[in-house]
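Written out below as structure tokens is the structure these notes cover.
The values are calculated or read from the model by the stated rules, or taken from the named source; none is laboratory data. This structure is a prediction, so every number in the text was calculated from the model and none was measured. Quick reminder, even Gly has a Cβ in these numbers, built from the backbone with ideal geometry, and neighbours come from all protein chains shown.
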Amino acid sequence: MKPTRFEYERPADVAGVIALIRREDIAIKILAGGQSLGPMLNLRLVQPDVLVDITGIPELKRVEETADAIVVGACVTHADIEDGRVPDVTGGALPAVARGIAYRAVRNRGTLGGSLSHADPAADWVASLTAMGATLMIRGPSGARTLAIGEFVTGVFEVALAPGEILEAVRIPRLSRSARWGFCKICRKTGELAQAIAAVLHDPERSVFRAVIGATESMPVVIPDATSLFSGKPSGSAAGVFDSGAARGVLQASGMTDSIDNQIHVVALRRAIERAGLV
Ligand SMILES: Cc1cc2nc3c(=O)[nH]c(=O)nc-3n(C[C@H](O)[C@H](O)[C@H](O)COP(=O)(O)OP(=O)(O)OC[C@H]3O[C@@H](n4cnc5c(N)ncnc54)[C@H](O)[C@@H]3O)c2cc1C
């Protein structure tokens with residue numbers, strides 16, 4: 001199938017995008033890398049009157065490093081992060097996540113903002129940036145606002161963007177030198193979306209010990225204090241002994257009652273914890 005007919009606009013700046021997308025009398029879609037939107041157009045799952053291409057807007061590709069974070073423009077691609085064109089404030093965590101997304105052709109065009117706005121529960125950035133505590137910067141007709149990623153993603157393919165709003169940038173906190181990060185994505189073959197994702201961040205200097213389980217049937221499962229996943233006493237770099245029963249219980253409580261699905265996610269979590277060097 002091919003898309004229905006649509007008009008194509010390519011504004012030069014964010015103000016121009018907002019002027020277009022605030023219109024409520026017609027169906028409008030923002031086009032970033034097109035890696036998710038393209039198939040949706042071809043399958044006629046979306047039938048916009050106007051497509052607003054945001055890839056030519058310099059503001060959306062800007063990257064700003066501060067003492068405690070990096071702010072990455074929404075149109076920065078997965079490949080930009082993979083290749084180190086974005087300064088890494090996460091000790092290698094961001095490029096490693098980027099490298100695991102799809103194939104290089106998808107990573108060349110797919111954008112950080114597109115992935116988060118699409119909010120596929122299996123998306124690598126949704127789970128990993130939730131674990132990192134990212135904040136999303138949004139702009140719309142009434143100005144700018146910020147939302148924690150957990151408030152931005154509100155459901156399966158659902159985000160808290162109001163009509164006329166665009167995701168402008170993502171603020172990712174700098175990890176402390178002593179921080180430990182572990183990420184695990186389980187998929188049947190390389191280049192596919194995940195069957196299970198787990199991410200763990202232990203950053204005692206910033207009082208963060210968070211685990212996130214992604215690629216669930218809905219939103220990521222966030223464990224704000226991951227000490228609950230360990231039994232025994234912490235010793236050296238180990239946080240204790242990984243308690244798979246506790247992890248299984250958290251997933252069951254979140255609604256993941258299928259035992260195979262539950263087990264795959266527990267395995268992803270155990271591997272992320274091992275990769276973080278916490279056991
Ligand atoms: C074969 C294949 C394999 C893939 N595998 C993976 C994988 O393993 N892991 C993974 O995480 N992803 C995977 N993806 C998805 C990929 O990462 C896409 O890049 C991403 O989901 C969408 O980004 P995009 O820039 O292409 O957005 P688009 O497809 O252009 O847009 C997606 C949606 O977001 C909206 N949007 C885009 N940008 C903004 C913005 N700044 N503000 C508001 N709304 C916006 C669009 O209107 C649209 O609704 C895969 C895709 C393909 C085609």
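Considering only residues that are more than 9 Å from the ligand (Cβ to nearest atom) and at positive phi, which ones fall in the range 26-48?
44
Report yes if residue 216 is assigned to a loop (DSSP other than H, G, I, E, B), without any contact (Cβ under 8 Å) to a residue 24 or more places away in the chain and out of contact with any Gly (no Cβ under 6 Å at 6 or more places or on another chain), otherwise no.
no
Does residue 188 satisfy the criteria of being outside the structural domain of residue 222 (by TED's automatic domain parsing), at negative phi, free of Cβ contacts under 8 Å to residues at least 12 places away in the same chain and surrounded by fewer than 18 Cβ atoms within 10 Å (Cβ to Cβ)?
no
Against the conditions (1) part of a loop (DSSP other than H, G, I, E, B); (2) within 12 Å of the ligand (Cβ to nearest atom), where does residue 97 fall short? Just the number, please.
(1)
Consider residue 157 carefully, then state whether it is of a type in the set (Phe, Trp, Tyr), at pLDDT 95 or above, surrounded by 20 or more Cβ atoms within 10 Å (Cβ to Cβ) and out of contact with any helix residue (DSSP H, G or I) (no Cβ under 6 Å at 6 or more places or on another chain).
no
Restricting attention to the range 67-85, does a residue exist that is hydrophobic (A, V, I, L, M, F, W, C) and within 9 Å of the ligand (Cβ to nearest atom)?
Looking through the range 67-85, at least one residue is hydrophobic (A, V, I, L, M, F, W, C) and within 9 Å of the ligand (Cβ to nearest atom).
For the range 47-65, name all the residues that are exposed (fewer than 15 other Cβ atoms within 10 Å of the Cβ) and either out of contact with any Phe, Trp or Tyr (no Cβ under 9 Å at 6 or more places or on another chain) or charged (D, E, K, R) (or both).
49, 56, 58, 64, 65
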